[in-house]
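A short write-up of the structure that comes next.
The values are calculated or read from the model by the stated rules, or taken from the named source; none is laboratory data. A quick note: this is a predicted structure, and the numbers were derived from the prediction, not measured. Don't worry about glycine lacking a Cβ; one is built from the backbone with ideal geometry, like all the others, and counts go over all protein chains shown. Remember, those area values only see protein heavy atoms, side chains included, never the ligands or the DNA or RNA. Shrake-Rupley method; radii C 1.70, N 1.55, O 1.52, S 1.80 Å.
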Amino acid sequence: RELADAPLDRARLADRAGRMARQAGRPEDARTRFDDAHATFERAGDSRAAALVAAALAEIDFIDGHPQQAVARLEPALEALRDQGTDAEVAVLSAELGRFLFFSDEVELAAPHLETALALSEALDLPETLAEALNSKSLLLSRADRLYEARVLLEGALSLALARDLHRAALRAYNNLVVIELQLDAFDEVRQLNQLGLELARRVGDRDWESNYVAGSVGLLFWAGRWDEALVRLEAARELATTAFAQGLTLSVVPLYCHRGRPDEARRVLAEQQESSADSDNSEFSISYRVTEALVLRAEGRLEESLAAAEEALEAARRLSATTWTTKGALLRALEAASAAGDLDAVRRVLGTLDGYRPGELTPFVRALQERFGALFAGSEAERHYANAERLLDEMGLVFELAVTKLEHGEWLVAQGRGEEAAEVLRDARALFERMQAIPWLERAAALESRLPAALTA
């Protein structure tokens, strides 16, 4: 760029350098170069080129957690291309605008733009735009809890992208398939897809997507009970994460710190994400932050505040989707806080939010929560509820939640005077907690075992 004499040549090279910086995981460098190119094109009166660079800047806005800012930038750019650009360029920007409107919670406004992109990309044989638009249309379906339809679109987008070596479209499709399988509570598939996405990102040198997949795996390792590995992965994620999106994913380490008895570290991570997550225009980010904050408050012993935070997050999340993990996380944290406080009325109230769920929205994890916390009101039938919850959690491979449910099952058995059965369940729970070094939970298990005859706990 510095060797070029003509301003427009410099602008074109700045645009290309910005796209390289974006892929290298350097969003601020990318923004600087895009701003340079955009200003030059505008001064030269090349509104078409300026609009295309504005679209690239809009994506930087989006990954920085500002989808509404991305929309505001992209709408006039699309209008400029309708006047001076090609149909292919209109298709590209329509797909992007539909995507950013979705993340601005403007689902109805997003749909027409995505349909425009889909129609044009098929007619003009634009495989990359088609794959991206299919990706985004799947988001609309997932928001409506039409998960199998969404998965079909994503599988089509992924197949097309892989066949044509459209790496970024493929990486996005892998990511969105991870989200869909999470909504379905299919954790084995989630882990496999996340690994495939990570391998592709590394193979093609896309540091941006690599950071997303590395950060995303921290939470998956937590759920699988592989906590030491999660901490190693966290360090790698922190080195790579340069966007609000990737940084927000590192919040998934907070439960690990809480359940290892390190609430100060959990609070520190939460504070680090205050600006990028809590104050994000992306509602998924801000609600997830509130869900995580509810857990930290509980670890700090502030049970009433924890319950209030979780219920507030649950109300907001349910306006998005019943099956998203933001909603299920809020449900879990609200039930945990109410139970820890001994507030059975609050447990009933939170469980009551599931009364309006349709069968397809009662995914395995939600049913496990119904069984686990429903046991508190089941009297002599409690054991059946605990056993059902344990089976569902074991099938999903959610090791920590399985251990906690076994501990609660053991507590119930002790209260029933069934010490021998309680000792067996507690041994299982203790073995899992020891593997994860979940100190507060080991202490709770030890306190319970101290109430049993020594012969049963030997």
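Checked against the criterion of being under 21 Å from residue 255 (Cα atoms), aliphatic (A, V, I, L, M), within 22 Å of the chain's Cα centre (by Cα) and not in a loop (DSSP other than H, G, I, E, B), the range 338-345 has no qualifying residue.
Within the range 103-130, being at pLDDT below 95 and open to solvent by less than 30 Å² (accessible area, probe 1.4 Å) holds for one residue alone: 104.
Filtered by the rule that a residue be of a type outside the set (A, V, I, L, M, F, W, C) and either within 22 Å of residue 287 (Cβ to Cβ) or in contact (Cβ under 8 Å) with a residue 24 or more places away in the chain (or both), the range 114-136 gives 116, 121, 127, 128, 129, 132, 135, 136. Are any of the residues in the range 56-63 of a type in the set (A, V, I, L, M, F, W, C) and more than 27 Å from the chain's Cα centre (by Cα)? For the range 56-63, residues of a type in the set (A, V, I, L, M, F, W, C) and more than 27 Å from the chain's Cα centre (by Cα): absent. Scanning the range 55-86 for residues that are within 18 Å of residue 42 (Cβ to Cβ) and of a type in the set (Asp, Glu) gives 61, 75, 79, 83.
For the range 91-99, state whether one or more residues are among the basic types (Lys, Arg), open to solvent by 40 Å² or more (accessible area, probe 1.4 Å), within 27 Å of residue 207 (Cα to Cα) and in contact with a helix residue (DSSP H, G or I) (Cβ under 6 Å, 6 or more places away or on another chain). Talk me through it step by step, then tell me what you get.
Step one: of the range 91-99, the residues among the basic types (Lys, Arg) are 99.
If we keep only those that are open to solvent by 40 Å² or more (accessible area, probe 1.4 Å) too, we end up with none.
No, that holds for no residue.
Selection within the range 414-432: residues that are farther than 18 Å from residue 394 by Cβ and not charged (D, E, K, R). The member of this set that is surrounded by the fewest Cβ atoms within 10 Å (Cβ to Cβ) is 417.
Can you pull out the residues in the range 132-152 that are among the aliphatic types (A, V, I, L, M) and part of a helix (DSSP H, G or I)? Let's see the steps before the verdict.
Taking the range 132-152 as the starting set, the residues that turn out to be among the aliphatic types (A, V, I, L, M) are 133-134, 139-141, 144, 147, 150, 152.
Answer for the range 132-152, where residues must be among the aliphatic types (A, V, I, L, M) and part of a helix (DSSP H, G or I): 133, 134, 139, 140, 141, 147, 150, 152.
Of the numbered criteria (1) farther than 21 Å from residue 365 by Cα; (2) more than 16 Å from the chain's Cα centre (by Cα); (3) open to solvent by 60 Å² or more (accessible area, probe 1.4 Å), the one residue 146 fails is (1). Beta carbons closer than 9 Å, at least 6 apart along the sequence or on distinct chains, pair a first residue in the range 247-274 that is closer than 19 Å to residue 213 by Cβ with a second that is open to solvent by 30 Å² or more (accessible area, probe 1.4 Å) and acidic (Asp, Glu) for 247/272; 248/284; 250/272; 253/265.
Conditions tested, residue by residue: (1) among the β-branched types (Val, Ile, Thr); (2) under 13 Å from the mean Cα position of the chain (by Cα).
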position	(1), (2)
170	no, no
179	yes, yes
195	no, no
220	no, yes
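How many residues are touching a residue at least 40 places away in the same chain (Cβ under 8 Å), open to solvent by 10 Å² or more (accessible area, probe 1.4 Å) and closer than 21 Å to residue 90 by Cβ if we restrict to the range 57-66? Summing the residues that are touching a residue at least 40 places away in the same chain (Cβ under 8 Å), open to solvent by 10 Å² or more (accessible area, probe 1.4 Å) and closer than 21 Å to residue 90 by Cβ in the range 57-66 gives 1.
Which one of these does residue 195 not meet: (1) in contact (Cβ under 8 Å) with a residue 24 or more places away in the chain; (2) among the polar types (S, T, N, Q); (3) open to solvent by 70 Å² or more (accessible area, probe 1.4 Å)? The failed condition is (1).
Between 216, 197, the distinction of being under 21 Å from residue 251 (Cα atoms), at pLDDT below 95 and out of contact with any Gly (no Cβ under 8 Å at 6 or more places or on another chain) belongs to 216 only. Within the range 129-139, does at least one residue satisfy the condition of being out of contact with any strand residue (DSSP E or B) (no Cβ under 6 Å at 6 or more places or on another chain), over 21 Å from residue 101 (Cβ atoms) and not hydroxyl-bearing (Ser, Thr, Tyr)? Checked the range 129-139: no residue is out of contact with any strand residue (DSSP E or B) (no Cβ under 6 Å at 6 or more places or on another chain), over 21 Å from residue 101 (Cβ atoms) and not hydroxyl-bearing (Ser, Thr, Tyr). Restricting 206, 165 to residues that are closer than 30 Å to residue 91 by Cα, at pLDDT below 95 and surrounded by fewer than 24 Cβ atoms within 10 Å (Cβ to Cβ) narrows the list to 206. When residue 331 is tested against (1) open to solvent by 20 Å² or more (accessible area, probe 1.4 Å); (2) out of contact with any Cys (no Cβ under 7 Å at 6 or more places or on another chain); (3) under 24 Å from residue 225 (Cβ atoms); (4) of a type in the set (A, V, I, L, M, F, W, C), exactly one condition is not met: (1).
Residue-wise test of (1) closer than 15 Å to residue 151 by Cα; (2) hydroxyl-bearing (Ser, Thr, Tyr); (3) in a loop (DSSP other than H, G, I, E, B).
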{"residue": "172", "(1), (2), (3)": "yes, no, no"}
{"residue": "178", "(1), (2), (3)": "yes, no, no"}
{"residue": "185", "(1), (2), (3)": "yes, no, yes"}
{"residue": "188", "(1), (2), (3)": "no, no, no"}
{"residue": "198", "(1), (2), (3)": "no, no, no"}
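Filtering the range 258-313 to residues that are open to solvent by 20 Å² or more (accessible area, probe 1.4 Å), at pLDDT 90 or above and either touching a Ser or Thr at 6+ places or on another chain (Cβ under 8 Å) or not in a helix (DSSP H, G or I) (or both) leaves 260, 261, 262, 288, 298, 300, 301, 302. Any residue in the range 165-178 that is within 25 Å of residue 436 (Cα to Cα), out of contact with any Gly (no Cβ under 6 Å at 6 or more places or on another chain) and among the aliphatic types (A, V, I, L, M)? The answer is yes; a qualifying residue exists.
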